[in-house]
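Visitor: Below is a structure I'd like to ask you about.
The values are calculated or read from the model by the stated rules, or taken from the named source; none is laboratory data. Remember, it's a predicted structure, so these values are computed and weren't measured experimentally. Note that each Cβ is placed from the backbone with ideal geometry, even for glycine, and that neighbours are counted across all protein chains shown. Calculation scope for accessible area: heavy atoms of the full protein, side chains included, ligands and nucleic acids excluded. Shrake-Rupley method; radii C 1.70, N 1.55, O 1.52, S 1.80 Å.
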Amino acid sequence: MRSGFYLFFKKSVSRRKGRIVIAALSVTLSVAMVSGIIGMTAGVGAKLGEELRAYGANIIVSPREGNYLAQDVAEKVSRIDSVRGVSGQIFGTSVFRGQPIEIIGLDIAKLKDRGWRLQGKWPQNNGEILAGTDLRSQFKIDIGAKMHLPGGDIGGDFVITGFIERGGTEDSALILDMPDAWTVTGADRQFSAVLVRAEAGRLDEVVQQIRRMIPQAEAKTFRQIAVAEESLLRKIQLLMVIVTVVILCAAVISVAATMGANVLERREEIGLMKALGATKAQINIFYRAEAILTGLTGGVAGFISGYFFTQAVSKGAFGSYVPVPFYIFFISLLFGLVISVTASYLPVRNALKYNPAVILRGE
Amino acid sequence: MSFIILKNIVKEYGPAHALRGVSMEIQKGQWVNIMGPSGSGKSTLLNIIGGLDTPTSGEVFVEGIKINALSEDDLACFRREKTGFVFQQSHLVPYLDAVENVMLAQYFHSMADEEEAVGALTRVGLEHRLKHRPSQLSGGEQQRICIARALTNDPVLLLADEPTGNLDRENTKMILELLKKLHSEEHFTIILVTHDPFVSQWGERVLMMEDGSIKSDAPINP
Amino acid sequence: MPPLIHEALLIGFKEAAKAGLVWLVFYSYLVVNDRKNFVKPFYMGLLVSFLIVFMSQFLPSDIVTKENAGNIISMSFALFLIMSGAALFHVSGTNMLSISASGYGSTLPEETQVPSLKPAAWGIIVLLFTVIFFAPDGMGSLLQLRELSYIKGRGSMSYISALIGVAVVAAVLFTVVGLYKPYKIGGFFDVPQLLLFLAMVKLFGSGAKEFAELSLLPSVQRGFMKFAHDFVHQVFLFLMVPDHPLLKATFWNFIGIFFGPDFASLVSLIILLLFPFMFLYHSLRETLPEPETRSVAEGRKIKAFILSGRRKRALPVACFIVLILIAWFSRSEETIMQMYLPKPIPVVADRGVVMIPVRDPTMNVMDGSLHKFSVSYEGRQYRLILIKKWDNTLAAALDACEMCPPEGYGLRDDHVVCIYCGTPIPVNTLGLPGGCNPIPLAFTIEGGFVKIEIHDIVKKWGFIKPLQGKESMH
């Protein structure tokens, strides 16, 4: 590069701020969309994993035959090395206002720090229960509603203290604390399943150990359960990829239009440079440099706005912020560069083709 | 051997003929004015001599170089080292000030040199307008920047296409006097296109063009 | 067919790659600058180098030969580095004499002027430098190959492997050159850059010691570090003599920064980068000569030509700087920071004398490594170290010095390193008292045992200012 390039480039940028800003803005918008979408896809994946972790369990132990496991299964499992937590659950059904209703029995005290969304209060005493949020509209019930649930020998009367929302099957079930659940389901001191949290990386080992220790139980890692959710995630990702590609194409076209207008406006300048004896390469480098600058600026700005976009959407959709991986910053820069360089390529090439004699006569 | 030799130059724009076989010679240090009605091909002829346009057929020699055979990049090299252009519309870069506009020509030639650019502007009497942008200057001043720009790379050939076309009589005279001074002091070869009879009285030789060919070629008697 | 020996393959590959790269750059340089008459001396130099390398086959194979080969390689590196600097100096002093700039398309004058020596003299110089460049490396590599064939017990297989490595490079080189004719790269070099390039090839491509050392970098690093350390050490010794019982440990920690490997490494890096940066400065900052020409524009054109030439030739130098930085820091991570920390072997004091066998089935104190022992006496623990010096004598010392809390020493390359303050101490200086050196012990070797008086140990352990720092025992 010759001495002086920097001077002219600086002047052309600083004295044509408006044009550059508009071009950079159009890059920013597209990069923001793209990086926002990628951020959300990555974020949703991470979020899902996090929720699974929040659920706490990565191994599920269920009865091989019959419906229930004895209570001592939980104790046995908890004694295994590298098992960090055990929670027995019971699933059953009851009837309310003539309709079947699912019941999940678990240790509600353990739920409190798992990130379930709760409206109302956690149950304090026997006879207080939580309901899935879907039930609220289904049965037109509210906090404080009284329910009689038949089951077991006598059944029981319960008061709803809160509604929970988790986005899973729990949303249409009643959550009962353990003794109450046993009463309703009549399965005293037994579990439908035991959820186990084992050290990650030693899951298979723990599964084998459980199978050996408790022949009547089947142990599976949660991964197998999560497959369905993974496939859903993959579909979401595919959708996002398609959307991204579409946006990218639209972005290139719109940026190309903006930059094309910029170049058209400077056609006279290009003709003049030719008359002054500039080669195509020398002229090109000015426009290439401007495209790179626009792309980088737009990329950075796009990343920042995409970040906030992601967080805003995520706050709306998941009720919490998602972590945006840092590599998206580089992807944004790359996108910005690719968009603005490709978009400016054709207009500049065309402008260079004009006969300077015709442009400069300007009649 | 003459400084500039044109041999049977034909230029076609599609079906239209701008030049129909022009042949002539110009000696080094001569000031030639080309006159003619609009559409007579005088600008095309100028552009072909300056390497800004290429003939459809025929041969152009400048200083012994056959410029119609040069590649695009070599032609650019020819323009930046041998020629200086002045146009009717001044064609200054709007976002650069006077000095920077001159420096731009230096940059494409070799490298920008502010001191030299200031010197070039001083030569055309614009030392008080160095940091003004084209929009802040009068038409005459703009044309003088153009002359400074055209001269800064020390060309052998100064080509002017209606340089005074947009100027009033007073500014026209000023520009012409500047050219005359440069011509007599530094012996540039000047080719000037005009349709203004007043302008054509300056210089040493007048070519009359009509419909793509030379009608008359006569020296000016002062 | 017996399997290839990978190390040998690598050696052949490396040497051929070096030669190929040098040939390519030098040849391109000659082509671009129209000095092809130097091609012949270059080839002759290669031939002479080859003969010398072949002769070195008959050198004795012992440690001294290897050591010497390593030294010669290092010296030839230094020679090229310094010469590049000298050439640069010469160039910057040279002005452009005859400038015959003409129209476009014509070539403009060279910035450098070859001093007026007869071409024959220049030919001999080219030949000589070619030999100086290639012969030491080739010798070193041949010695390694010979050792490899000896170690692996596969006779000529190591040579065959090396030849295969050479063949691979040759094939790649001929293909690339044949297809692309990349002689344009010659434009990026001028005499100083060329010499610097040679030095860099040496730096990155010449192993001075073991097979593991593919490049000269560790030796240069070690050499510079030793220089930096010795210098700093001498200065402090000079300032601090006779003794320094009043200085607090914190002060010594501060001083330790200057003794430490980080500082020495940094200093040596700066020394190494000095030349490339000089180049860059020259290329980008040096004022341009004012050429005398017919017109100002023409002068400007010549200046622009010179400037762009300088920038072009600054490019490889900038690459060298980046390479050096990357290599230096990735190296300093792996080799400089690793320290050998032996566990102390418990020994007992028998009738006031500590007896350590020079050689027993499990250890040999003369093997050049660091050996640590601990002895318990009257309820206290003492540690001592034994190590063989380069002159094949033994050194015995406490595993502590007078200044630092007695954390002891580790071994890194040719230095024992104070664990507490990180000061590297050349093994050869062990046995000398003072400073951060381990406190030396008097010993005798009798009947296959190293004998040290326990009273000496106890007395000297008392010199340590142990009690204000943490007295952590291992």
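Visitor: Which is touching a strand residue (DSSP E or B) at 6+ places or on another chain (Cβ under 6 Å), of a type outside the set (Lys, Arg), at pLDDT 75 or above and open to solvent by 40 Å² or more (accessible area, probe 1.4 Å), of C:MET278, C:MET366? Explain how you work it out, then say what you get.
Guide: Working: C:MET278 fails: touching a strand residue (DSSP E or B) at 6+ places or on another chain (Cβ under 6 Å).
Answer to the selection: C:MET366.
Visitor: Still on this structure, please answer the following. I need the full set of residues from the range A:347-363 which are within 14 Å of chain B (Cβ to nearest Cβ) and buried (at least 16 other Cβ atoms within 10 Å of the Cβ), in order please.
Guide: A:LEU352, A:PRO356, A:ALA357, A:ILE359, A:LEU360, A:ARG361
Visitor: Just for the range A:274-292: of the residues that are in contact (Cβ under 8 Å) with a residue 12 or more places away in the chain and open to solvent by 60 Å² or more (accessible area, probe 1.4 Å), which one is nearest to the other protein chains (Cβ to nearest Cβ)?
Guide: Step by step, filter the range A:274-292, then rank; the result is A:LYS280.
Visitor: Got a number for residues in the range C:361-381 being closer than 16 Å to C:VAL348 by Cα and assigned to a strand (DSSP E or B)? Steps first, please.
Guide: So in the range C:361-381, the residues closer than 16 Å to C:VAL348 by Cα come out as C:371-381.
This time we only want the ones that are assigned to a strand (DSSP E or B), so: C:371-377, C:380-381.
The number of residues fulfilling the criteria is 9.
Visitor: Could you check the range A:273-297 and list, in sequence order, the residues that are over 17 Å from A:LEU7 (Cα atoms) and of a type in the set (Val, Ile, Thr)?
Guide: Hits for the range A:273-297 are A:THR279, A:THR294, A:THR297.
Visitor: Still on this structure, please answer the following. Could you count how many residues in the range C:176-232 are at pLDDT 80 or above, open to solvent by 20 Å² or more (accessible area, probe 1.4 Å) and charged (D, E, K, R)?
Guide: 2
Yes or no, residue by residue, for (1) closer than 30 Å to B:SER135 by Cβ; (2) open to solvent by less than 30 Å² (accessible area, probe 1.4 Å); (3) within 10 Å of chain A (Cβ to nearest Cβ):
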{"residue": "B:ASP53", "(1), (2), (3)": "yes, yes, yes"}
{"residue": "B:GLY64", "(1), (2), (3)": "no, no, no"}
{"residue": "B:LEU75", "(1), (2), (3)": "no, yes, yes"}
{"residue": "B:PHE78", "(1), (2), (3)": "no, yes, yes"}
{"residue": "B:PHE85", "(1), (2), (3)": "yes, yes, yes"}
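Visitor: Looking only at the range C:292-307, filter to residues that are farther than 16 Å from B:ARG80 by Cβ and not in a helix (DSSP H, G or I); which one of those is least open to solvent (accessible area, probe 1.4 Å)?
Guide: The extreme case among them is C:THR293.
Visitor: Go over the candidates C:ILE321, C:ILE345 one by one and state the one that is surrounded by 12 or more Cβ atoms within 10 Å (Cβ to Cβ) and at pLDDT 85 or above.
Guide: Working: C:ILE345 fails: at pLDDT 85 or above.
The conditions single out C:ILE321.
Visitor: Hey, can you tell me all the residues within the range A:240-273 that are more than 24 Å from B:ARG149 (Cα to Cα) and within 14 Å of another protein chain (Cβ to nearest Cβ)?
Guide: Passing the criteria: only A:ASN262.
Visitor: Shifting gears a bit: Can you find even one residue in the range A:295-309 that is in contact with a strand residue (DSSP E or B) (Cβ under 9 Å, 6 or more places away or on another chain) and in contact (Cβ under 8 Å) with a residue 12 or more places away in the chain? If you could, list the steps in order and put the result at the bottom.
Guide: Taking the range A:295-309 as the starting set, the residues that turn out to be in contact with a strand residue (DSSP E or B) (Cβ under 9 Å, 6 or more places away or on another chain) are none.
For the range A:295-309, residues in contact with a strand residue (DSSP E or B) (Cβ under 9 Å, 6 or more places away or on another chain) and in contact (Cβ under 8 Å) with a residue 12 or more places away in the chain: absent.
Visitor: Further question: Those residues that are of a type in the set (D, E, K, R) and more than 8 Å from every other protein chain (Cβ to nearest Cβ), I need them from the range B:108-122; list them, please.
Guide: Within the range B:108-122, B:GLU114, B:GLU115 meet the criteria.
Visitor: Right, here's the next one. B:VAL102 is checked against (1) part of a helix (DSSP H, G or I); (2) more than 18 Å from B:ILE190 (Cβ to Cβ); (3) touching a residue at least 12 places away in the same chain (Cβ under 8 Å); (4) facing another protein chain (nearest Cβ under 7 Å) and fails just one. What number does that condition carry?
Guide: In the conditions (1) part of a helix (DSSP H, G or I); (2) more than 18 Å from B:ILE190 (Cβ to Cβ); (3) touching a residue at least 12 places away in the same chain (Cβ under 8 Å); (4) facing another protein chain (nearest Cβ under 7 Å), B:VAL102 misses (4) alone.
Visitor: While we're on this one: Based on what the data block shows, is B:VAL10 open to solvent by 20 Å² or more (accessible area, probe 1.4 Å) and farther than 16 Å from A:PRO356 by Cβ? Don't jump to the end; show me each part of the working.
Guide: Numbers: open to solvent by 20 Å² or more (accessible area, probe 1.4 Å): yes; farther than 16 Å from A:PRO356 by Cβ: yes.
The answer is yes for B:VAL10.
Visitor: Determine which member of the set B:LEU176, B:LEU182, B:LEU207, B:LEU192 is at pLDDT below 90 and surrounded by 12 or more Cβ atoms within 10 Å (Cβ to Cβ).
Guide: Details: B:LEU176 fails: at pLDDT below 90; B:LEU207 fails: at pLDDT below 90; B:LEU192 fails: at pLDDT below 90.
Of the residues listed, the single one that is at pLDDT below 90 and surrounded by 12 or more Cβ atoms within 10 Å (Cβ to Cβ) is B:LEU182.
Visitor: Sticking with this one: What pairs come up if the first residue lies in the range C:282-307 and is within 9 Å of chain B (Cβ to nearest Cβ), the second is open to solvent by 40 Å² or more (accessible area, probe 1.4 Å) and of a type in the set (A, V, I, L, M, F, W, C), and their beta carbons are under 6 Å apart, counting only those six or more places apart or on different chains?
Guide: C:LYS303/C:LEU288
Visitor: Could I ask something else about it? Among the listed residues B:THR164, B:THR172, which satisfies the condition of being in a loop (DSSP other than H, G, I, E, B) and β-branched (Val, Ile, Thr)?
Guide: Details: B:THR172 fails: in a loop (DSSP other than H, G, I, E, B).
That would be B:THR164, the only listed residue that is in a loop (DSSP other than H, G, I, E, B) and β-branched (Val, Ile, Thr).
Visitor: So, in the range B:131-157, how many residues would count as being in contact (Cβ under 8 Å) with a residue 40 or more places away in the chain and within 14 Å of chain C (Cβ to nearest Cβ)?
Guide: Going through the range B:131-157 one residue at a time, the tally reaches 9.
Visitor: Another question, if that's okay. Given the criteria in a helix (DSSP H, G or I), open to solvent by 70 Å² or more (accessible area, probe 1.4 Å) and touching a residue at least 24 places away in the same chain (Cβ under 8 Å), does C:LYS40 qualify?
Guide: On the way: in a helix (DSSP H, G or I): yes; open to solvent by 70 Å² or more (accessible area, probe 1.4 Å): yes; touching a residue at least 24 places away in the same chain (Cβ under 8 Å): yes.
It is true that C:LYS40 is in a helix (DSSP H, G or I), open to solvent by 70 Å² or more (accessible area, probe 1.4 Å) and touching a residue at least 24 places away in the same chain (Cβ under 8 Å).
Condition check ((1) open to solvent by less than 80 Å² (accessible area, probe 1.4 Å); (2) modelled with pLDDT of 90 or more; (3) touching an Asp or Glu at 6+ places or on another chain (Cβ under 7 Å)) across all residues:
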| residue | (1), (2), (3) |
| --- | --- |
| A:THR297 | yes, yes, no |
| A:GLY302 | yes, yes, no |
| A:GLN311 | yes, no, no |
| A:LYS315 | no, no, no |
| A:PRO323 | yes, no, no |
| A:TYR327 | no, no, no |
| A:LEU333 | yes, yes, no |
| A:ILE339 | yes, no, no |
| A:TYR345 | no, no, no |
